[in-house]
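A short worksheet on the structure shown next.
Just so you know, all these numbers are worked out from the coordinates, no wet-lab data involved. Computed from a prediction, not measured in an experiment: that's the story for all the values here.
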Amino acid sequence: AMTLKALRVNAGLDQKAAADRIGVTPETLSNWERGKSFPNVPQISKIEEVYDTTYADINFLPQMSD
């Protein structure tokens, strides 16, 4: 599984571009990437679509080094 940040970087998107495609603010995306909050089910569907991944392959908890 990959973190949201790693998935976004692999997709070649900065936070603003990724947030725009998912339909949230960059602040919301940043909070998700830092594990401060978590996406809801419709948002997870968008994440799967934008990052071309599946829920099973997403690690919603950031690495401690981040």
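Backbone phi angles across segment 53-60, fed through the Karplus curve with coefficients 6.51, -1.76 and 1.60 (θ = phi - 60°), yield HN-Hα couplings of 9, 10, 3, 4, 9, 9, 9, 7 Hz in residue order; Gly and Pro are listed as x.
In this structure the amide hydrogen of ASN59, modeled in the peptide plane, comes within under 5 Å of the amide hydrogens of MET2, THR3, LEU4, none closer than 5 places in sequence on its chain. Once the Cα-Cα distance is subtracted from the 0.36 nm per residue extended length, the MET2 to ASP52 segment shows a gain of 16.8 nm. Short-range pairs are left out: with C-alpha atoms under 8 Å and at least six residues apart, the relative contact order of the chain is 44 percent. Only helices enter the 222 nm calculation for the chain: every DSSP H run of n ≥ 4 contributes -39,500 (n - 2.57), and dividing by all residues gives -14000 deg cm²/dmol, rounded to 500.
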